[in-house]
Amino acid sequence: MSGLALNFIVFLHLASAVLWIGGIIFVLFVAIPASKEVMGAEAGKIMGALSRRFSPLANYGILLLIVTGLVLSLMQDGIYARAPFYLKTALAVIMISVHFYRGLILAPRIAKSEPPDKALLQKLSLDLVKLNFAIGLAVLFFATMA
């Protein structure tokens with residue numbers, strides 16, 4: 001593979017990571033506080049709408065991360081066969097699992113639930129976003145070593 005093609009794959013990989021982790025940062029530090037400030041108890045409605053728009057974009061980013069990550073791991077002549085690579089990969093698998101658990105299992109349960117269960121499930125969902133944020137930062141850190 002030419003240097004330019006490899007650079008493009010690395011670019012796609014990094015851009016996908018920025019999309020996903022940047023989206024998490026936006027949700028945690030901008031969207032949630034702003035929606036609570038403006039809408040109070042009704043903030044969940046805007047967060048639901050934001051999630052419906054962002055989740056498909058994040059899903060495509062995750063797919064692109066997986067594909068480009070596999071290509072890069074096969075193309076790098078053993079450079080990724082180190083502990084940080086395996087740790088980064090394991091953490092990424094956890095992040096992906098949490099993301100799809102929230103979207104495919106937890107979100108429908110939240111939509112069908114009534115108070116007070118709804119509030120508990122929403123808190124769990126938010127805690128999982130925070131977990132993914134922390135894991136995402138760890139993945140970025142370990143990516144600097146691989």
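Just so you know, all these numbers are worked out from the coordinates, no wet-lab data involved. This is a predicted model, so every value here is computed, not measured. No Cβ is skipped: glycine too gets one built from the backbone with ideal geometry, and neighbour counts run over all protein chains shown.
Over the chain, what relative contact order in percent results from Cα pairs under 8 Å that are six or more residues apart?
32
Provide the descending list of Cα extents for the chain along its principal axes, expressed in whole angstroms.
Rounded to whole Å, the extents work out to 54, 25, 22 Å.
Between Ala111 and Leu137, what's the calculated FRET efficiency when r is the beta-carbon distance and R0 is 30 Å? Round to 0.05.
It comes to 0.50.
Give, rounded to the nearest 20 debye, the magnitude of the charge dipole that the range 3-143 has about its Cα centre when Lys and Arg contribute +1 at Cβ and Asp and Glu contribute -1 at Cβ.
200
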